[in-house]
Every structure is written in structure tokens, then in C-alpha cells.
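For reference, the structure discussed in these notes is given below.
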Amino acid sequence: MKQLKLLLIESSPRKANANATSGALGRRLVEAISARSGRQVELVERNIGAQPLPAMSAEYAESVLLPPGEGAARYGDALAVSDQLIAELKWADVVVIASPVHNFTGARVAQAVDRPCAAQ
């Protein structure tokens with residue numbers, strides 16, 4: 001049976017992220033998916049609370065307006081993080097986003113999940 005590829009994105013800004021409620025719920029969901037799938041699970045974790053994504057640069061903003069391929073040719077280094085995020089999303093069969101709720105909205109750092117866009 002094919003291995004299940006799972007991407008867990010945690011976004012709690014708490015320093016003791018292991019104790020964050022959202023992180024604990026996300027890990028429990030990963031365990032439940034693993035148990036129910038009956039398949040071996042390969043897990044990749046990205047903690048954007050502990051390691052926030054860098055701010056978008058002018059080069060990045062310019063690159064998404066250019067024709068496919070031209071942005072990468074001109075601004076390859078500036079797109080490295082975005083390219084990595086896109087690769088992780090394409091790789092995963094299942095994506096779990098574990099985000100706390102602050103004042104009836106998601107954590108600010110979790111709102112950066114729209115970062116992985118690029119002209120393909």
C-alpha cells in the first residue's frame with residue numbers, strides 16, 4: 001500500500017509550542033489520520049510560529065507578475081522560500097494546519113499561508 005504523505009503546519013506563537021493547545025490538537029489529528037488510514041505515514045512538520053516566514057520582498061512581488069519562468073530566472077534566490085513551500089504542498093497527500101484562534105481570527109503568522117504562490 002502506498003505511503004501517506006502528511007504535512008503538519010503549526011502556527012502557535014507560544015515559546016512552549018509543545019504545550020500549545022492548537023499544536024496538541026494538530027498532532028492528535030495526525031495520529032488519528034495515521035491510525036485510520038492503515039498506511040505508513042511520512043510526516044513533514046513546518047512550524048511557522050517558531051520559525052516565521054520571511055516578509056515578502058520587492059523582488060518576490062515583482063516575480064509573481066512576470067510570465068512563468070521569467071520570475072525564477074530573474075529572482076531565483078528571492079523565491080527560494082516560496083519554492084520550498086510550494087514543493088511541500090505538492091508533495092503532501094494531506095495537509096493539517098494547527099492554528100490558534102486569537103480574538104475570533106487565526107494567528108497572524110498563520111495568515112502567511114498564502115505565501116506559496118508563483119507563476120508556474
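Some notes on this structure:
- Evaluating 6.51 cos²θ - 1.76 cosθ + 1.60 at θ = phi - 60° for every residue in region 5-11, the Karplus couplings come out as 9, 10, 10, 9, 10, 9, 9 Hz, glycine and proline recorded as x.
- For region 1-109, the convex hull spanned by the alpha carbon atoms encloses 129 Å³ per residue.
- Stretchable slack from I86 to Q40, in nm (0.36 nm times residue separation minus alpha-carbon distance): 14.2 nm
Bear in mind that the values in this text are calculations on the coordinates, not laboratory data. None of the values given here were measured: they were computed from a predicted structure.
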